[in-house]
Structures are given as C-alpha cells and as structure tokens.
1. Counting Lys and Arg as +1 and Asp and Glu as -1, each charge on the Cβ, what is the dipole of region 64-150 about the Cα centre in debye, to the nearest 20?
2. Size of region 59-176 along its principal axes in angstrom, Cα-based, largest extent first?
3. Subtracting the Cα-Cα distance from 0.36 nm times the residue separation, let me have the gained length for VAL86 to ALA165 in nm, one decimal.
4. Karplus couplings for region 131-148 from phi (6.51 cos²θ - 1.76 cosθ + 1.60, θ = phi - 60°), rounded to Hz, Gly and Pro as x?
5. Using each residue's phi in region 168-174, evaluate 6.51 cos²θ - 1.76 cosθ + 1.60 at θ = phi - 60° and report the 3J(HN,Hα) Karplus result to the nearest Hz, with x for Gly and Pro.
6. Compute the relative contact order of region 51-167 as a whole-number percentage, counting only Cα pairs closer than 8 Å that sit 6 or more residues apart in sequence.
7. Extension gain SER104-MET139, at 0.36 nm per residue separation less the Cα-Cα distance, in nm?
8. Enumerate the calculated ³J(HN,Hα) couplings along region 117-129 in order (Karplus 6.51 cos²θ - 1.76 cosθ + 1.60, θ = phi - 60°), each rounded to whole Hz, writing x wherever the residue is Gly or Pro.
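Read the figures in this text as sums done on the coordinates, not as results from a lab. The model shown is predicted, which means the values in this text are computed figures rather than measured ones. No Cβ is skipped: glycine too gets one built from the backbone with ideal geometry, and neighbour counts run over all protein chains shown.
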Amino acid sequence: MRQAQLQRAWAEYLLSSDSSLDNSQYTTDSPVLRMARLQSSAQQKPKLKRQGSYQEYYFDQKIDHFGLRGNDTFKQKIYINGDNYVPGGPVYLFNSGETPASPSYLVAGEPYVLAKATGGMLIIMEHRYYGVSYPVSDMSGPNMRYLTLENALEDIAYFVRSAPAFVNKSVGLTIG
C-alpha cells in the first residue's frame, strides 16, 4: 500500500508546476502519468499553505558535542510540518545543508511529497553556521573549529534523540 501511495505522490509531483525535474521522459502514455491524471481529475488538489505560515522554532543545540565547550548551546532553527502526520507515521528530518532553512521546504518538493504520501511529519533543520544558526558570535578562525563533520552529524543525532519532547512541546504532537 505504501508503494502505491509513493507512486501516486511522485506522479502528482511530476505533473505539478513545482517539479524542477525533466519529466519529458514520461510520455503521455506513461502508466505513472495516466494514473496521476485519473486520480487528480477524480479529486481536487488541496491548497498548500503559503510560505511563512509555519512558525520558526529554536532547538538548544550543543556548540561542541565533544567536550571543548562543556554544555554551552546555541539556537538552531527548526521548522515542523505535521499537517499530514498520522500517529505512528514516519518522521522525516531534512537538513537544509549549506543554505538557510526555509519554510518553503515544508510545502513543496520531494521531502514534502514523501511526507504527504506516507502520513509523515516533515522537520527542517538548519545546518550550523548557516542562516541564523550560529554557534559562535563571529566567524574568526578560532571560532571555526566547531564547524566539523563530526559536530554536524552529532547535531542531527542529538536532535533525533531529543525530537519526541521537542516536537511535543513545539506543536503538541506525539512522535517516537
């Protein structure tokens, strides 16, 4: 059943104007596109929330997960879309990488399509040293020592361990 949901969601995405992919490989006779057209004509597509209608949340993230700064923390920006979440459903964590986190990720694109198709929750986490998620007051050489692969990966692991309490406190949904 999940596979059919994913195929339907992917087909809908390919047909949408949001798709930045080259979907020319899918001919008008493609079973995927035929299925999407039939389903989209049978039901009206829901309107998406406008960008900016999702609240920013800030997670107390450790500056250094390996002891140099003790338990000092910084505020890491998080966005949460639980609109399609079904209790017990999957939770997708998307790190915005080398760009500021944006609520636009919550309403369009592959992560959104996947969460919507599976009754999942989508969480966007801003990468340390990008956007407003700075663990230090300035970008001087000595302060760059906290921008490591190990700290970035541990940011994700630490958030995942803390996510059930953080999500419940932030949006009132229970995960985990």
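1. In total the dipole reaches around 100 debye.
2. 45, 25, 20
3. The span from VAL86 to ALA165 would gain 26.7 nm if fully extended.
4. Taking θ as phi minus 60°, the curve returns x, 10, 8, 9, x, 9, 7, 8, 9, 5, x, x, 6, 7, 5, 8, 8, 10 Hz for region 131-148.
5. Using θ = phi - 60°, the values come out as 4, 5, 7, 10, x, 10, 9 Hz.
6. For region 51-167, the relative contact order is 28 percent.
7. This chain segment gains 9.9 nm when fully extended.
8. For region 117-129, the Karplus curve yields 6, 10, x, x, 9, 10, 10, 9, 10, 7, 5, 4, 6 Hz.
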